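Working notes, beginning with the structure itself.
The values are calculated or read from the model by the stated rules, or taken from the named source; none is laboratory data. None of these values were measured; they are calculated from a predicted model. Heads up, the Cβs are rebuilt from the backbone with ideal geometry, glycines too, and the neighbour counts pull from every protein chain shown. Ligands, DNA and RNA are excluded from the accessible area calculation, which covers all protein heavy atoms including side chains. Shrake-Rupley method; radii C 1.70, N 1.55, O 1.52, S 1.80 Å.
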Amino acid sequence: MSPTTPGTRVAGLHLAEPVMLAAGCAGTGREAAAYAPLSTYGAVVSRTITLDARAGSRAPRVLESPAGLLHATGLPNPGLTAFCATELPALVQAGARVVVSVAGATPEEITQVVRGLARTSGVSAVELHLCAPDAAEAGVLAPRDGAGVSEAVSAAAGVLPPGVPLLAKLAPVLAGVAEHARAAAGAGAAAVVVGGAQPALLPDGRPAGLSGPAVRPQALRAVHAAATALAGTGVDVVGCGGVTVAADARALLDAGAAVVQVGSALLSDPTSAARLVTDLRAGRAPDDHT
Amino acid sequence: MHGPVHLTAEVLSGSRSGAFTQLTLAAPGVGERFRPGSFLAVSVGEPGERTRLARRALWIHQVRPLGGHATSVSVLVDPVGPGTRWLASRARGDRLEITGPLGGRVFALPKEPVSTLVVGEGVHAAPLFALAERLRERDCPVHLLLAAPDEAHLLSALEARRTARSVTVATLDGSVGTRAPAADLLPDLLRRTGAAVVYAAGSTPLLHAVARAAEDHGAWSQTALTLPTPCGTGLCLGCPVPVVGEDGVARTARVCAEGPVLRGDRVRWDDLVGAESAPRTGTGEERG
């Protein structure tokens, strides 16, 4: 193991660190910046942006589950125009390499959002969120088959300029991972993001996602499946799901991920991702999950 | 100094106070940034053995020099669920992973020396004593209403008697003070004290009553919300509170990042009460 991590290439981008902050776990960005400069990370994925503003779901949105967090936020966001006017410049100003997470109710709406971002400076990449666990309540597409993934990815990839790659965030449900990954790659995604929230229900019966250490072994398998399916295509895998310490990140990288995302770990320790960057750089891989 | 810090704090003491446990922490950098109404997000469980990942929000009760520590920080824990029971059992020498002080908006102090009514319910009265001191420093007369279901859940008013011009105590079972829900006493207290501002921390129904009574009386209200804040830091977007913006437009704010103290007339209380599907304790703890 080399003593330093000399940057990473993913989806054609050169990232200084193999660690990204995951969508929806960095607030507006400003809150995360209180604990470490946003330039600490390879990239910061914004909260998911839709064409129009969304108020998000009613409470409870986030609940504890053993070694995990259940979440059904309904994707609260200020909408494309307000995001580009306020949050995006603030993220850039704070030193972030910005990946904008987007979702839409239809392929046409996805095209509109991505086209808007394509005209905006400061966007390093777009992450198309195709696996909102509360997609129906949030009113966004979450395709169940390869054809649906292909249609959605095409709607986004077709309007991005060269140099702004598309990442497709796919459901980590094992039966579909390989098919969805190949469909995304075939439709123009430069990378797939795999391993996030597992489908679950809140106690009140609303669909939700389960994230955190509880899903880490499932994330590992989903990343391995996606990496196997995409071997030789040149399309990268971004791994996420319960990454807390360097050993978790190493496991995902070893399973075929080019970089990892940190999400729910930030919610119990907002300094965890910055420590992960330091530990990966130093070649340390503490496995005690502190 | 601005902004919260994340650190492992040493427990300097843990002592019982009625139903509550008061924990005093050595937390360098936290006390220096404290303002009344700010809170700590605290992790539950030993590092490496953690399975409860939502953080518990605890009001900062007191900041003072202690022993060799320039500032120590005290919090009060009401043990209502597994997480808060674990926290309440911490003792001297234990360590707690904390983030704080948190809160985008804390209690706003009046610019003029106006009369104030300060209302605290149960463990949520914790941030109000420091507030009362700040108000007195500004020559604002303080009238304190402390409420609880019973004496065990009532914070001691002893220290507040030095600061407050009047102290009213109300319990639901009548074990101490007036036997009445706090909300029932508000109109009369507002009339008697001529309060221009009401500060309150407690359950959502009480805060709603405070906002309503203040409005009827022509007073401002500053309500400290006690809804669960899973991360406390503004990162998870998981603590929605329905509000009305200055422009009159309905919005959804985050309790932790845009609150926890909001003007009572800015909260859409009916939507908030309707949205609550389960009993809450305000510490992020589900009952049971």
**Asked** Looking at (1) of a type in the set (A, V, I, L, M); (2) within 17 Å of the chain's Cα centre (by Cα); (3) under 27 Å from B:Arg161 (Cβ atoms), can you tell me which one B:Leu12 breaks?
**Response** (2)
**Fill in**
Residue hits (segment B:8-48; of a type outside the set (A, V, I, L, M) and within 12 Å of chain A (Cβ to nearest Cβ)) are B:Thr8, B:Arg33, B:Ser43, B:Gly45, B:Glu46, B:Pro47, B:Gly48
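Determine which member of the set A:Gly68, A:Gly24 is at pLDDT 95 or above, facing another protein chain (nearest Cβ under 9 Å), at positive phi and touching a Leu at 6+ places or on another chain (Cβ under 8 Å).
Details: A:Gly68 fails: at positive phi.
Result: A:Gly24 is the single residue among A:Gly68, A:Gly24 that is at pLDDT 95 or above, facing another protein chain (nearest Cβ under 9 Å), at positive phi and touching a Leu at 6+ places or on another chain (Cβ under 8 Å).
Filter segment A:215-241 down to the residues that are outside any helix (DSSP H, G or I) and touching a Leu at 6+ places or on another chain (Cβ under 9 Å), then identify the one that is surrounded by the fewest Cβ atoms within 10 Å (Cβ to Cβ). Give the steps one after another, and end with the answer.
Going residue by residue through segment A:215-241, those that are outside any helix (DSSP H, G or I) are A:230-241.
Next cut, touching a Leu at 6+ places or on another chain (Cβ under 9 Å) only: A:236-241.
Details: A:Asp236: 27, A:Val237: 30, A:Val238: 30, A:Gly239: 33, A:Cys240: 31, A:Gly241: 30.
Out of the qualifying residues, it is A:Asp236.
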**Prompt:** Hey, A:Val19 hits all of (1) within 14 Å of another protein chain (Cβ to nearest Cβ); (2) touching a helix residue (DSSP H, G or I) at 6+ places or on another chain (Cβ under 8 Å) but one; which does it fall short on?
**Reply:** (1)
**Request:** Would you mind stating whether B:Gly259 is surrounded by fewer than 21 Cβ atoms within 10 Å (Cβ to Cβ) and either in contact with a Gly (Cβ under 8 Å, 6 or more places away or on another chain) or modelled with pLDDT of 95 or more (or both)?
**Result:** no
**Message:** Can you say whether A:Pro37 is within 14 Å of chain B (Cβ to nearest Cβ) and surrounded by fewer than 22 Cβ atoms within 10 Å (Cβ to Cβ), as far as the supplied structure shows?
**Reply:** yes
**Message:** Given the criterion closer than 23 Å to A:Val223 by Cβ, assigned to a helix (DSSP H, G or I) and at pLDDT 95 or above, identify the matching residue among A:Val149, A:Val113.
**Reply:** A:Val149
**Prompt:** Does segment B:21-31 include one or more residues that are open to solvent by less than 30 Å² (accessible area, probe 1.4 Å), out of contact with any helix residue (DSSP H, G or I) (no Cβ under 7 Å at 6 or more places or on another chain), without any contact (Cβ under 8 Å) to a residue 60 or more places away in the chain and not in a strand (DSSP E or B)?
**Reply:** yes
**Message:** If a residue counts only when it is touching a helix residue (DSSP H, G or I) at 6+ places or on another chain (Cβ under 7 Å) and open to solvent by 10 Å² or more (accessible area, probe 1.4 Å), which strands (runs of 3 or more DSSP E) contained entirely in segment B:94-204 have at least 1 such residues?
**Reply:** B:95-102, B:116-121, B:142-148, B:166-171
**Prompt:** Would it be correct to say that A:Asp254 is charged (D, E, K, R) and either surrounded by 19 or more Cβ atoms within 10 Å (Cβ to Cβ) or modelled with pLDDT under 95 (or both)?
**Reply:** no
